[in-house]
1. Among the candidates 16, 20, 34, 5, single out the residue that is in contact with a helix residue (DSSP H, G or I) (Cβ under 8 Å, 6 or more places away or on another chain) and either assigned to a helix (DSSP H, G or I) or free of Cβ contacts under 8 Å to residues at least 24 places away in the same chain (or both).
2. Would you confirm whether or not segment 308-322 contains a residue that is free of Cβ contacts under 8 Å to residues at least 40 places away in the same chain and within 22 Å of residue 235 (Cα to Cα)?
3. For segment 94-127, which residues satisfy the criterion of being surrounded by fewer than 12 Cβ atoms within 10 Å (Cβ to Cβ), touching a residue at least 12 places away in the same chain (Cβ under 8 Å) and out of contact with any strand residue (DSSP E or B) (no Cβ under 7 Å at 6 or more places or on another chain)?
4. Conditions first: (1) within 23 Å of the chain's Cα centre (by Cα); (2) part of a helix (DSSP H, G or I); (3) modelled with pLDDT of 95 or more. Residue 166 passes all but one, so which condition is the exception?
5. Can you tell me how many residues in segment 104-129 are at pLDDT below 95 and not in a loop (DSSP other than H, G, I, E, B)?
6. Quick check on my filter: what residues within segment 130-151 are assigned to a loop (DSSP other than H, G, I, E, B) and over 21 Å from residue 75 (Cβ atoms)?
7. Does any residue of segment 193-212 turn out to be in contact (Cβ under 8 Å) with a residue 40 or more places away in the chain, farther than 28 Å from residue 158 by Cα and surrounded by fewer than 16 Cβ atoms within 10 Å (Cβ to Cβ)?
8. Just give me the residues in segment 273-288 being in a loop (DSSP other than H, G, I, E, B) and touching a helix residue (DSSP H, G or I) at 6+ places or on another chain (Cβ under 6 Å), in sequence order.
């Protein structure tokens, strides 16, 4: 097997990426000012400081920023696409582009229309756009319409989106989490009473063990890696369960941390790579191991869980041979 060319996530490649995006934004200082505004990061659930300003976490730690946040901000800072672009660019060409290439064309600043048989988009007035939209709204009953938005929408856009939907007469409103997290949302709601996460940043700061399963935070929310590295530095343990060996979950160079940047930081103490589809068996095996070592918290189980006896019976009925 060939050795990977990259031995750690983050590092100089992440710094170079941010510098390139700074040039695209019209200058690094301009990008920095935008990132420092009071806002929430619209790229993942690991929050920004809100009223404390950008580039900090909820606890006020500075600097906190990642490539995904930079990418999203720079995309919003692009110039508007000109009307000439749409006159000269056929729809067939636009259909051949990737989402990233489409985003790099710039921002939409006026309504566009393409009717059946048209080869190009053409600009229309806002009045015509609103009139056509209003007529489309009349074609269906509000109770039969589903409003679906991007999870990357900013808070302001999301608020206005749902406001229009409710003014139209429906509460059938959702975003991409309806598909991406439907299964986990139902499962979490049955277990914890809420379809969203039950922890906050402070919980990780106080934890001595974290299990990362079904996620790749090194790519999807890299600022979480800082929390995992800090946990290990204070003596905690990190278990990663992932069929793929993600480089960033093995070692990461955190640009805002000089020690990590110079030497790299180990992210996981143990990295398990189960075969795809065997996650239930693995979790049962972990629970079986806890029970055999009598390491379960009986007081917690009695006060905060239900169905424990049924779970025990199921675990005891499974042999190690079946689970492994």
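1. It is 34.
2. no
3. Within segment 94-127, 108, 118, 119, 125, 126 meet the criteria.
4. Looking at each condition in turn, residue 166 falls short on (1).
5. Adding up the residues that qualify gives 1.
6. Initial filter on segment 130-151 (assigned to a loop (DSSP other than H, G, I, E, B)): 138-141, 145-146, 150-151.
Matches in segment 130-151: 138, 139, 140, 141, 145, 146.
7. Just the residues of segment 193-212 that are in contact (Cβ under 8 Å) with a residue 40 or more places away in the chain, to begin with: 197, 200-202, 205, 212.
Checking the rest, the ones that are also farther than 28 Å from residue 158 by Cα come to 205, 212.
Next, only the ones that are surrounded by fewer than 16 Cβ atoms within 10 Å (Cβ to Cβ) stay: 205.
Checked segment 193-212: at least one residue is in contact (Cβ under 8 Å) with a residue 40 or more places away in the chain, farther than 28 Å from residue 158 by Cα and surrounded by fewer than 16 Cβ atoms within 10 Å (Cβ to Cβ).
8. Of everything in segment 273-288, just one residue is in a loop (DSSP other than H, G, I, E, B) and touching a helix residue (DSSP H, G or I) at 6+ places or on another chain (Cβ under 6 Å), namely 274.
The values are calculated or read from the model by the stated rules, or taken from the named source; none is laboratory data. For clarity, every value in this text was computed on a predicted model and none was experimentally measured. For neighbour counting, all protein chains shown are included, and Cβ atoms are generated from backbone atoms with ideal geometry for every residue, glycine included.
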